[in-house]
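The values are calculated or read from the model by the stated rules, or taken from the named source; none is laboratory data. Since the model is a prediction, treat every value here as computed from it, not as a measurement. So basically every Cβ, Gly included, is an ideal-geometry build from the backbone, and we count neighbours across all protein chains shown.
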């Protein structure tokens, strides 16, 4: 199993609700995808309130990440590989 903490990431929002995550992603990113809880990204399972929105900005992927006992954060990570996988497996928001 992977570990987000070992990756190079930036926290855009911290200790927020999923409703706040969706609002942030919708207002800041035009390329959005929907995944369901349990979607595997960076070798970890993404958990949260469905549907989970994931943004793409160039080579950056922006997504809500929940750490049990710590809350939900919106992270941005540079990963063309994960974006390619996301585009093949997730539903694009219209």
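Among the residues of the stretch 57-72, count how many are in contact with a helix residue (DSSP H, G or I) (Cβ under 9 Å, 6 or more places away or on another chain) and under 19 Å from residue 18 (Cβ atoms).
8
Counting just the residues of the stretch 2-16 that are surrounded by fewer than 13 Cβ atoms within 10 Å (Cβ to Cβ) and either touching a helix residue (DSSP H, G or I) at 6+ places or on another chain (Cβ under 9 Å) or on the phi < 0 side of the Ramachandran plot (or both), which one comes out modelled with the lowest pLDDT? Explain how you work it out, then say what you get.
Let us first name the residues in the stretch 2-16 that are surrounded by fewer than 13 Cβ atoms within 10 Å (Cβ to Cβ), namely 2-3, 5-6, 8, 10-11, 14-15.
Applying the additional criterion that residues be either touching a helix residue (DSSP H, G or I) at 6+ places or on another chain (Cβ under 9 Å) or on the phi < 0 side of the Ramachandran plot (or both) yields 2-3, 5-6, 8, 10-11, 14.
Working: 2: 59, 3: 77, 5: 76, 6: 82, 8: 91, 10: 96, 11: 95, 14: 96.
In this case the residue turns out to be 2.
Just give me the residues in the stretch 38-56 being part of a strand (DSSP E or B) and under 12 Å from residue 21 (Cα atoms), in sequence order.
Quick first cut of the stretch 38-56, residues part of a strand (DSSP E or B) only: 40-41, 44-45, 52-56.
Listed by number, the residues that qualify are 52, 53, 54, 55.
Results for (1) under 12 Å from the mean Cα position of the chain (by Cα); (2) under 17 Å from residue 92 (Cα atoms), shown as yes or no for each residue.
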residue	(1), (2)
14	no, no
48	yes, no
51	yes, yes
60	yes, yes
